[in-house]
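The values are calculated or read from the model by the stated rules, or taken from the named source; none is laboratory data. The shown structure was predicted, so the numbers you read here are calculated from the model rather than taken from an experiment. Virtual Cβ from ideal backbone geometry, glycine too; neighbours counted across all protein chains shown. The protein model used for the area step is the full one, side chains on, heavy atoms only, and it has no ligands, DNA or RNA in it. Shrake-Rupley method; radii C 1.70, N 1.55, O 1.52, S 1.80 Å.
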Amino acid sequence: MQPIAVGMKREAGLEWLADLPAHAVLDTVARLDGALRRRVQFRKQGKDCGFPKSKKKFVNEAGIYCVGQATEISNREATLPKIGRIRLRGGDAPEGRLLAARVWRDGDRWLISAQFECARPAPMEATGVALGIDLGVATLVTAFDGAGFDEWVAPKHLRHAQKRLRRAQRVLSRRKKGSARRHAQARRVGAIHRKVRDRRKDLPHQISHRLTAKADVLKVETLNVRGIVRNRHLALSVADAGMSRLVTFCDYKADWRGRRVEKIDPWFPGSQTCCMCGSLHREMKNLSVQTMRCDCGNVMDRDRNAAMNHYWYGEEPRNRVLLGATRVENGNHVDDESARRSCHLPVPIVETRILTIMTAYESQ
């Protein structure tokens, strides 16, 4: 297919192909070849599919593909074949060999996505910290490290942009189809969606960076997000939170930094189990119940209770339950931070079985 694509530039009436980067033409032909091959496979499977359709104007934004041979990218500018130098605004370019790049238009902006061959980053030094992480809709992340909690509230970017989005879409619906004003208004609507999409990406990047830099082991719950979004009362909030993306970012950043992500069983009753005595509370299945109230005297926020249970996930039950008198027996019913911290010891990273916990409690 490549010689045919190169020879087309010399045919009469197709001289304009020489104005495009050579690899952009080859990539287009390669994509068409892949679509035709998949069409043949579908027809062999008995599936009825038509001929591949070309991109529609104003529906799919324009873009070009170029390889690293004639492309250079630095922190402030990029050199593209047939185009020349263009200014860039964004983060610093990675140090490594440029493999390929793609330039496309997204709403009111031109973007470039590049692939670099870089050296694997050196693992970070061990911190000896484990984190139990609970994911939620109101509080996006609740992390417990054995001594305290780190919490991030879900920002709800789409909900905050819905008012502007409704107005922009209402104006778009009044524009005449095919007109220039409709096309311009469609770009304004796309710009709002792009801002929401970029903000959704930014927060998981920040949280995953802090979590993987702090702890050697991340014990994260795995949620069936696809099943949760079927609930029409939770679909928008769950999609707006981006919990699956956060776990994905933690996975690859932990791999870069020499950390370990331990996935918790989706059926593990972290929110329904009392972190003090281990008793099960079925009423906590109701998401409207925000406080865990146990007969042992434990009164705690459901997200913090789940984060503590995730912190102890994988340890033997005799190593994580209270070995001393409960707060009810001590006459202390105050739900303060110091009372919660005195109930557990930090989990060592180098030892999965905490055999010295009894000695530690007896010495207190």
Next on the checklist: Could you work out what % of the accessible surface of segment 132-228 is carbon and sulfur, using a 1.4 angstrom probe and leaving DNA, RNA and ligands out of the count?
Outcome noted: 50 percent
Checklist outcome for this item: The alpha-carbon center of segment 29-55 and that of segment 63-120 are separated, in whole Å, by 30 Å
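Shape call for segment 68-183 from the C-alpha gyration tensor, a ≥ b ≥ c root eigenvalues: rounded (a/c under 1.5), prolate (a/b greater than b/c) or oblate?
oblate
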Checklist outcome for this item: Of the listed pairs Lys47/Lys195; Lys55/Lys176; Lys156/Lys219; Lys163/Lys263; Lys55/Lys177, those with alpha carbons more than 27 Å apart are Lys47/Lys195; Lys163/Lys263
Checklist outcome for this item: Note on segment 44-135: alpha-carbon gyration tensor, axes a ≥ b ≥ c; rule is a/c under 1.5 for rounded, else prolate if a/b larger than b/c, else oblate; result oblate
Checklist outcome for this item: Scalar couplings 3J(HN,Hα) for segment 201-208 by Karplus 6.51 cos²θ - 1.76 cosθ + 1.60 (θ = phi - 60°), nearest whole Hz, x for Gly and Pro, are 6, 5, 5, x, 5, 5, 5, 5
Checklist entry - How would you rank 299-310, 36-47, highest first, on the average number of other Cβ atoms within 10 Å across their residues? => result 299-310, 36-47
Next on the checklist: For the pair His193/Thr79, report the inter-label distance in nm, with labels modelled 7 Å from Cα in the Cβ direction.
Outcome noted: 3.7 nm
Next on the checklist: In Å and on Cα atoms, what radius of gyration and Dmax does segment 259-320 show?
Outcome noted: 11.7, 38
Checklist outcome for this item: For Val141 the rounded accessible area (nearest 10 Å², probe 1.4 Å, non-protein molecules ignored) is 0 Å²
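Accessible area per residue of segment 40-150 at 1.4 Å probe, in Å²?
With the other protein chains kept in place, segment 40-150 gives 70 Å² per residue.
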Checklist entry - What's the carbon and sulfur percent of segment 74-117's accessible surface, probe 1.4 angstrom, rounded to a whole number? => result 43 percent
Checklist outcome for this item: Residue-ordered couplings for segment 20-31, obtained by feeding phi - 60° into the Karplus form 6.51 cos²θ - 1.76 cosθ + 1.60 and rounding to whole Hz (Gly and Pro as x), are 9, x, 4, 6, 5, 5, 5, 5, 5, 5, 5, 5
Item to check | Anisotropy class of segment 248-293 from Cα gyration tensor, a/c 1.5 cut | outcome: prolate
Checklist outcome for this item: With all protein chains present, segment 246-305 has a carbon and sulfur share of its accessible area (1.4 Å probe) in percent of 51 percent
Checklist outcome for this item: Phi-derived 3J(HN,Hα) across segment 148-159 with the Karplus relation (6.51, -1.76, 1.60, θ = phi - 60°), rounded Hz, x for Gly and Pro, is x, 10, 10, 10, 10, 7, 5, x, 6, 5, 5, 4
Checklist entry - Cα centroid distance between segment 121-136 and segment 198-224, in Å? => result 10 Å
Checklist entry - Roughly what would the spin-label model give for Leu223 and Arg97, points 7 Å off Cα along C-beta, in nm? => result 4.3 nm
